[in-house]
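Taking it in order: structure first as structure tokens, then the write-up.
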Amino acid sequence: MPSPNTTLTQAAPDATPSLGRSAAAVALGFLVMGGLAVATDVALRGVGVFPAENAMTTPLLALAMAYRMGFTVAGAYVTARFAPRKPLTHAVVLGFAGTVIALTGAAAVSRQAPGLTPTWYPLGIIGATLPCAGLGGILRVRQ
């Protein structure tokens, strides 16, 4: 029975957060993750670290993979930071979305430009995305 000071139409405090806030938190994390990766790619190409064409050597691919992993951690951290509830869950959702995007990209490249990169690179990105996103979420939760 409701207390005399409430009505049946009032929402309880901390009612279910909006789906929009959850989607915005994941989108923000994705923008951080992708934006940093693209900006770093462009900067490294601009200063001559990466070649103008797509002929990336193994050390350069390892460098790209390393900073993409770091940016995935950062993006997931941001997602967890802005999640309305369950920050780790939101970070993992970002990780799953990133994994699907990595799978899609790897499939497209293998069809359209087979042999463009060594097999380990797309498989590494696919395999690292979810653990890195989980790490970003855990880092935020432990603060």
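At a glance:
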| read-out | value |
| --- | --- |
| Every pair of residues 6+ apart whose Cβ atoms lie under 8 Å, when the first sits in the stretch 33-47 and is within 19 Å of Leu135 (Cβ to Cβ) while the second is polar (S, T, N, Q) and crowded, with 16+ Cβ neighbours inside 10 Å | Met33/Thr72 |
| Selected residue [more than 13 Å from the chain's Cα centre (by Cα) and touching a residue at least 24 places away in the same chain (Cβ under 8 Å)] from Leu88, Leu61, Leu135 | Leu61 |
| Breaking point among (1) out of contact with any His (no Cβ under 7 Å at 6 or more places or on another chain); (2) of a type in the set (Val, Ile, Thr); (3) part of a helix (DSSP H, G or I), for Thr79 | (1) |
| Residue within the stretch 81-100 that is farther than 28 Å from Arg142 by Cα and of a type in the set (Ser, Thr, Tyr) present | no |
| Unmet requirement for Gln112, which otherwise passes all of (1) closer than 25 Å to Thr79 by Cβ; (2) among the polar types (S, T, N, Q); (3) surrounded by fewer than 17 Cβ atoms within 10 Å (Cβ to Cβ) | (1) |
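Yes or no, residue by residue, for (1) surrounded by 12 or more Cβ atoms within 10 Å (Cβ to Cβ); (2) at pLDDT 95 or above; (3) within 20 Å of Thr72 (Cα to Cα); (4) of a type in the set (Gly, Ala, Ser):
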{"position": "Ala25", "(1), (2), (3), (4)": "yes, yes, yes, yes"}
{"position": "Val32", "(1), (2), (3), (4)": "yes, yes, yes, no"}
{"position": "Gly35", "(1), (2), (3), (4)": "yes, yes, yes, yes"}
{"position": "Ala52", "(1), (2), (3), (4)": "no, no, no, yes"}
{"position": "Thr57", "(1), (2), (3), (4)": "no, no, no, no"}
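The values are calculated or read from the model by the stated rules, or taken from the named source; none is laboratory data. None of these values were measured; they are calculated from a predicted model. Cβ: placed from backbone, ideal geometry, glycine included. Neighbour counts: every protein chain shown.
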